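Participant: Once you've had a glance at the structure underneath, I'll fire off some questions.
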Amino acid sequence: MLNDILITAAGVAILVTGGELLVAGASRIARGLGVSPLVVGLTVVAFGTSAPELAVSVGAALRDSGTLAFGNVFGSNMANIGLIVGGTALIRPLPIENVVIRRELPMLLLSVAAAWVLAGDSLLGEKDAVYTRSDGLALLLFFAVFLYYTIGEFLDRRGNGNDNNNGNSDDCRKEDRADDEKSWSPKREILFTVAGLAALVGGAELTVQGGIGIARGLGIPEVIVGLTLVSVGTSLPELVAAAVAMRRGQIDIAVGGAVGSNIFNTLMVLGLAALVRPISIPAGGYLDLAATGLLSLALLLTARTNNQRILRAEGVVLLGMYLGYMVVRTLFLQQGAAGLH
């Protein structure tokens, strides 16, 4: 048991380090090419910080531990909303761009709805509830649509010369761009990115091994380990990225990274994992999907109020919803969730 805990801790530490290197390298590459902070958050940062979830979930699928992959994806999504968005709103109210409210948050809700519908095999009379390879392909097609519209928004903005950011001053953006131009080194940033990817792969392997060992040693369902220990561990890169972005006054990156990461997790990570090997829906899995959808809806509603800002009180609500569900799910539904499946 102690070895499994040490292995998991080492894996999470390597994942965080890899995520940091990947985000640092890829973000600076994107900024050096003139990409707006919001698009960086929705794509580069979201992809980089979702890479641990991708590595862990695909690794779990390869090891035939689909319930760990399921718990990791949706546990990370709930952590991104509750811990990251809710937690950062406690530090400073978060202004939300129109495009996030108009397109990204509805896309987030659509991705959760798609995951729910594709998980509904048992509700339609099938013997087993499972994400099949065809379900994984469908999720990846949805992900392609998301990328198409996100990149299209960036091209439209560049063509119109419009690169506005709520909450980010022009002076701050000019200073950031000047710093990027002075320190821009493509070779160095590519090296950081490659090193980050390598660390993510190695860290994911250790995390999966340790997580499965802990679950078996304690007799805890793997989905609970995925929803709590592994999901929070693999969400740390998002938390670090959000904290750094908030410190630099780049709120668009903080919010865009969290929202984009959830879309990546649901559509790309779950899609690729199911494509590798069909993923069974664990006991209580529909409840996890419902909780993820409820948190996503709460995020949309809070973003639309108070002049499109998430206030501290609303951050408390998001954080409380997440922590409350984790407590209930972990303590009370381990044995009873089968009846809700």
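The values are calculated or read from the model by the stated rules, or taken from the named source; none is laboratory data. Predicted model only: the values in this text are computed from it and were never measured. All Cβ positions, even for glycine, are placed from backbone atoms using ideal geometry, and neighbour counts span all protein chains on display.
Participant: What are the pairs, 6+ residues apart or on separate chains, where a residue within the stretch 290-319 that is within 25 Å of Gly71 (Cα to Cα) and among the basic types (Lys, Arg) has its Cβ under 9 Å from a residue that is modelled with pLDDT under 90 and not in a helix (DSSP H, G or I)?
Facilitator: Filtered contacts from the stretch 290-319: no entries.
Participant: In the stretch 1-24, which residue that is buried (at least 24 other Cβ atoms within 10 Å of the Cβ) and either under 12 Å from the mean Cα position of the chain (by Cα) or over 19 Å from Val225 (Cβ atoms) (or both) is modelled with the highest pLDDT?
Facilitator: Gly18
Participant: Among the residues of the stretch 109-120, which ones are over 15 Å from Arg304 (Cα atoms) and touching a residue at least 60 places away in the same chain (Cβ under 8 Å)? So that I can check it myself, show each step before the final result.
Facilitator: Restricting attention to the stretch 109-120, the residues satisfying the condition of being over 15 Å from Arg304 (Cα atoms) are 110-120.
Matches in the stretch 109-120: Ser111, Val112, Ala113, Ala114, Ala115, Trp116, Ala119.
Participant: List the residue pairs whose Cβ atoms are under 6 Å apart, where the first residue sits in the stretch 83-98 and is in contact (Cβ under 8 Å) with a residue 12 or more places away in the chain and farther than 19 Å from Tyr325 by Cβ, the second is in a strand (DSSP E or B) and not acidic (Asp, Glu), and the two are 6 or more positions apart or on different chains.
Facilitator: Cβ pairs passing all conditions: Pro93/Arg309; Leu94/Ile310; Pro95/Arg309.
Residue-by-condition table, conditions (1) modelled with pLDDT of 90 or more; (2) of a type in the set (Ser, Thr, Tyr); (3) on the phi > 0 side of the Ramachandran plot:
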{"residue": "Met246", "(1), (2), (3)": "no, no, no"}
{"residue": "Ile251", "(1), (2), (3)": "no, no, no"}
{"residue": "Val259", "(1), (2), (3)": "no, no, no"}
{"residue": "Leu272", "(1), (2), (3)": "yes, no, no"}
{"residue": "Leu275", "(1), (2), (3)": "yes, no, no"}
{"residue": "Ser280", "(1), (2), (3)": "no, yes, no"}
{"residue": "Ala283", "(1), (2), (3)": "no, no, no"}
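Okay, residues lined up against (1) part of a loop (DSSP other than H, G, I, E, B); (2) under 19 Å from Ala243 (Cβ atoms); (3) over 16 Å from the mean Cα position of the chain (by Cα); (4) not polar (S, T, N, Q):
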position: Ser76; (1), (2), (3), (4): no, yes, no, no
position: Leu90; (1), (2), (3), (4): no, yes, yes, yes
position: Val112; (1), (2), (3), (4): no, no, no, yes
position: Trp116; (1), (2), (3), (4): no, no, yes, yes
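Participant: Considering only the stretch 167-196, state which residues are at pLDDT 70 or above and in contact with a Leu (Cβ under 8 Å, 6 or more places away or on another chain). Please lay out each step first, then the result.
Facilitator: Keep residues of the stretch 167-196 that are at pLDDT 70 or above, which gives 185-196.
Listed by number, the residues that qualify are Phe192, Thr193, Ala195, Gly196.
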